[in-house]
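Quick note: the coordinates plus some simple rules give every number you see, no bench work behind them. Everything numeric here is computed off the predicted structure, so don't read it as measured data. Glycine gets a Cβ as well: all are built from the backbone with ideal geometry, and neighbour counts include every protein chain shown.
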Amino acid sequence: MIKDKNGKELSMGEVFGKVINRIKNIWLELIVFKLHLVGHIPSHCYRKFVYRLFGIKIGKGSTIHMKTRFYDPRNISVGEDSIIGEGAVLDGRDRLSIGSHVDIATEVMIYNSEHNVNDENFAADNGKVIIEDYVFIGPRAIILAGVTIGRGAIVGAGAVVTKDVPPYAIVGGVPAKIIGERRNKDLHYKLGRARWFR
């Protein structure tokens, strides 16, 4: 007789399902570890090639700098001409969509899965994260599950974003609140090339 972590007896079908799920999770952890190693290679072209092999969609002219960490790369997409800074965390356990001409600074963390503190099993709640075009996210900001950041919005350094950010809003603080508005709403700039050895 086999029981789960809560002491419930499991049928053979349930045991088989748990074994298959464990194998899938170990395989995913191996992929994530390989991507972590690739993230230390100072070549944008090579990193992009490998990231695309493992399912990350990366648009033309976009760059992911070194030491970026991923959780399940298959659900991550990056538009064109976007730059993701060193040491970022990109969570793909649910959909993560990063638009075009987006500038994500160093050590930004974007999560789309979090524990439900009221669940008796402390289970995970997932929610997609959408970052629209021309967004700037400052260093060490944290974006949490279920958030949409509107076109042209700016997230200040160190902010913790727990709710949707309207287009062209400037937010900062913990939790992030609107502290201003971007005056220029006719955005059509290009970010340009990334640093070679980052």
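Summing Cβ point charges (Lys, Arg +1; Asp, Glu -1) relative to the Cα centre of the range 12-181 gives a dipole of roughly 600 debye. Here the calculated FRET efficiency for Ile2 and Arg140, from their Cβ-Cβ distance with R0 = 35 Å, stands at 0.20, rounded to the nearest 0.05. Only helices enter the 222 nm calculation for the chain: every DSSP H run of n ≥ 4 contributes -39,500 (n - 2.57), and dividing by all residues gives -6500 deg cm²/dmol, rounded to 500. For the residue pairs Lys67/Lys163; Lys3/Lys128; Lys18/Lys177; Lys18/Lys128; Lys5/Lys48; Lys24/Lys67, the C-alpha atoms sit more than 31 angstrom apart in Lys3/Lys128; Lys18/Lys177; Lys5/Lys48. Using equal-weight Cα scatterers in the Debye expression, the normalised intensity of the range 1-157 in log10 at q = 0.16 Å⁻¹ is -0.88.
For the range 162-167, putting each phi into the Karplus relation 6.51 cos²θ - 1.76 cosθ + 1.60 with θ = phi - 60° gives couplings of 10, 9, 4, 10, x, x Hz, in residue order, rounded to whole numbers and with x for Gly and Pro. Comparing Cα centroids, the range 52-90 and the range 115-182 end up 18 angstrom apart. Dividing the mean sequence gap of close Cα pairs (under 8 Å, 6+ apart) by how many residues the chain holds gives a relative contact order of 13 percent. With neighbours defined as other Cβ atoms within 10 Å of a residue's Cβ, the residues His36, His101 order from fewest to most as His36, His101. Report, to the nearest 10°, how far helix 44-53 tilts away from the longest principal axis of the Cα atoms in the chain, using its own Cα long axis and a range of 0 to 90°. For 44-53 against the chain, the angle is about 40 degrees. The slack in the chain from Ala124 to Asn184, taken as 0.36 nm per residue of separation less the alpha-carbon distance, amounts to 17.7 nm.
Our estimate of slack between Leu30 and Glu14, defined as 0.36 nm per intervening residue step minus the Cα-Cα distance, is 3.3 nm. Starting from the Cα of Lys185, draw a straight line to each of the lysines and keep only those under 19 Å, dropping any in the same chain fewer than 8 residues away. Partners within reach: none.
Quick check: the angle from helix 12-38's long axis to the longest principal axis of the chain, C-alpha only, nearest 10 degrees? Helix 12-38 sits at roughly 30 degrees to that axis.
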